[in-house]
Amino acid sequence: MSIFQRFSLRGRIALVTGGGRGLGFEMARALADAGAHVLVNGRTAATLDEAVEAIRASGGSAEAAAFDVADRDAQRTAMIDIEKNHDRLDILINNVGARDRRPLADFEDEAILHLLQTDLAAAMTLSRDAARLMKRHNHGRLISVTSISGHVALPGDCVYPAAKQGLTGLMRGMAVEFGPHGITSNAIAPGWFATETNAAMAAKEELMPFVRQRIPVQRWGRPDEIAGAALFLASDAGSFVNGHVLTVDGGMTVRM
């Protein structure tokens with residue numbers, strides 16, 4: 001088998017949470033381009049329909065999987081549907097991440113718990129249920145999208161990095177627990193990407209001196225530049241990579 005064939009995902013079933021736009025969409029499209037049938041998750045049906053249509057228009061195979069990952073009952077129903085309709089799940093990318101930038105002193109208890117539920121606990125329960133399906137075929141890829149915010153900090157932003165660092169711990173625990181079953185667990189830690197969410201920030205000329213100083217490649221990342229990392233970790237090309245955080249940030253976290 002050639003190295004290029006090892007990147008093929010033909011016959012695989014993938015679920016990408018938060019796959020309707022931004023980095024999630026780019027990862028979903030990459031998996032579909034490589035041959036996987038991709039279940040594109042999100043809460044907004046119209047957004048998912050547009051994403052699925054875009055993937056199909058470029059020759060990929062995809063369908064919408066509309067449910068709120070923070071809703072445990074909705075998670076259970078989604079996994080039952082996946083088992084019923086596809087009888088397997090080979091790849092799970094936990095990409096959903098809510099953001100709430102405030103000093104910790106300003107957080108209400110309910111807001112803390114909501115962020116932890118959405119960004120951490122939801123990935124924990126979804127990964128557990130996905131692994132049950134993956135064990136049947138002795139193969140699986142669990143991928144968590146964390147953040148460089150889990151490694152470095154900014155003032156007034158505590159809860160989100162805590163959740164993302166929790167995902168890193170979860171990923172490493174799963175790498176050890178599920179590795180014997182042919183399931184690898186890894187993470188992708190994105191840096192500053194010019195997604196729809198960050199479009200206003202990316203357009204600010206006054207931020208560019210900071211970007212040039214802090215990011216060695218001296219620019220924001222393009223959303224499609226996350227795709228290669230996801231495909232590598234999801235495919236047989238990365239079959240011996242387990243328990244690793246792949247940082248995709250243009251070198252931002254290594255610059256002094």
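The values are calculated or read from the model by the stated rules, or taken from the named source; none is laboratory data. Everything numeric here is computed off the predicted structure, so don't read it as measured data. Cβ atoms come from the backbone with ideal geometry, glycine included; neighbour counts cover every protein chain shown. To get the accessible areas, we keep the full protein, side chains included, count just its heavy atoms, and leave off ligands, DNA and RNA. Shrake-Rupley method; radii C 1.70, N 1.55, O 1.52, S 1.80 Å.
Return the residue satisfying two criteria in turn: it lies in region 217-246 and is open to solvent by less than 40 Å² (accessible area, probe 1.4 Å) and farther than 21 Å from Ser185 by Cα, and of such residues it is nearest to the chain's Cα centre (by Cα).
For region 217-246, the residue satisfying everything is Pro223.
For region 192-216, which positions are in a loop (DSSP other than H, G, I, E, B), open to solvent by less than 50 Å² (accessible area, probe 1.4 Å) and either without any contact (Cβ under 8 Å) to a residue 24 or more places away in the chain or of a type in the set (Ser, Thr, Tyr) (or both)?
The answer is Thr195, Asn198.
Kindly indicate the residue of region 13-48 that is among the β-branched types (Val, Ile, Thr) and assigned to a loop (DSSP other than H, G, I, E, B) and also surrounded by the fewest Cβ atoms within 10 Å (Cβ to Cβ) among those meeting that condition.
Thr44
Would you say Asp68 is among the acidic types (Asp, Glu), at pLDDT below 95 and within 28 Å of Leu246 (Cβ to Cβ)?
Against the criterion (among the acidic types (Asp, Glu), at pLDDT below 95 and within 28 Å of Leu246 (Cβ to Cβ)), Asp68 does not qualify.
Which one of Arg56, Arg10 is touching a strand residue (DSSP E or B) at 6+ places or on another chain (Cβ under 8 Å) and either loosely packed, with under 15 Cβ neighbours inside 10 Å or on the phi < 0 side of the Ramachandran plot (or both)?
Only one candidate passes the filter, namely Arg56.
Taking region 207-227 only, how many residues are in contact with a strand residue (DSSP E or B) (Cβ under 9 Å, 6 or more places away or on another chain) and farther than 13 Å from Glu26 by Cα?
Total meeting the criteria: 2.
Suppose the filter is more than 16 Å from the chain's Cα centre (by Cα) and either assigned to a strand (DSSP E or B) or touching a residue at least 24 places away in the same chain (Cβ under 8 Å) (or both); does Met171 pass it?
no
Within region 59-91, count every residue that is of a type outside the set (Gly, Ala, Ser), touching a helix residue (DSSP H, G or I) at 6+ places or on another chain (Cβ under 7 Å) and either open to solvent by 30 Å² or more (accessible area, probe 1.4 Å) or more than 21 Å from Ser185 (Cα to Cα) (or both).
6
What are the pairs, 6+ residues apart or on separate chains, where a residue within region 234-256 that is closer than 14 Å to Phe193 by Cβ has its Cβ under 6 Å from a residue that is assigned to a helix (DSSP H, G or I) and of a type in the set (Lys, Arg)?
The qualifying pairs are Met252/Arg214.
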